[in-house]
Amino acid sequence: MNGIPAFMEFVSATQINCQVPDGVGTGNVSVTVVTAANGTSDPFIVSAAARVPGLLAPASFNVGGKQYVAAILPDQTFVGPIGLVAGAAFRPAAPGDRVLLFAVGFGTTSPPTPAGQIASQLTALPNVDVRFGNVPAVVEYAGAAGSYVGLYQFNVVVPSGVSGDVPLTVNVDGVPLSQQLWITLN
């Protein structure tokens, strides 16, 4: 990417999962794919930004036109309507419950973790705002997830004053999710 090698996580005949390397910049970025056997691909252009945030929300969590976030409670139960996905335990979250969210694309943390490296210390994301409906939540931790490359973790306390299926929004340093996500609360 702009001549800088990317950290490769997964490669198949039809898909490449990689982490954008540090120093690429923002705007148009030239990408080439290099293979030992076939040489180098023609360059193609992608748009890079400092933050392109997204929360974990598997396609199987999309029911009735609502895309539910993959929020996890301390007992490893998913937050959502009971029976959302066959064979998985779900329940609505209650006020005061702590939920765990995982994400990608939230950008630089403080202190920064270099691209392609596992976070070896606690980090922080700047100016994190998580809302259940329009009600702000307490964010106990927002930063790199330990033992992973390029994965972020949010530890969030469910606020009181909101119930049912509600929109979940997250902004980091003024950059919102582009996803429309739902979470189920008691």
Original post:
Within the bounds of segment 130-144, is there any residue that is open to solvent by less than 50 Å² (accessible area, probe 1.4 Å), in a loop (DSSP other than H, G, I, E, B) and polar (S, T, N, Q)?
Top reply: no
**OP:** Select from segment 4-31 the residues that are open to solvent by 60 Å² or more (accessible area, probe 1.4 Å) and within 11 Å of residue 46 (Cβ to Cβ) and list them in ascending order.
**Re:** 20, 28
Subject >> Subset of segment 55-83 (residues that are without any contact (Cβ under 8 Å) to a residue 24 or more places away in the chain and either touching a Phe, Trp or Tyr at 6+ places or on another chain (Cβ under 7 Å) or assigned to a loop (DSSP other than H, G, I, E, B) (or both)) >> reply: 58, 64, 65, 75, 76, 77, 78, 82, 83
Original post:
Out of the residues in segment 158-178 that are hydrophobic (A, V, I, L, M, F, W, C) and in contact with a Gly (Cβ under 9 Å, 6 or more places away or on another chain), which is most open to solvent (accessible area, probe 1.4 Å)?
Top reply: 175
Original post:
Inside segment 161-177, can you point out the residues that are assigned to a loop (DSSP other than H, G, I, E, B), within 22 Å of residue 66 (Cα to Cα) and over 11 Å from the mean Cα position of the chain (by Cα)?
Top reply: 161, 162, 163
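The values are calculated or read from the model by the stated rules, or taken from the named source; none is laboratory data. Computed from a predicted model, the values in this text were never measured in an experiment. Glycine also receives a Cβ, built like all others from the backbone with ideal geometry; neighbour counts cover every protein chain displayed. For the accessible areas, the whole protein counts, side chains as well, though only heavy atoms, and no ligand, DNA or RNA atoms are used. Shrake-Rupley method; radii C 1.70, N 1.55, O 1.52, S 1.80 Å.
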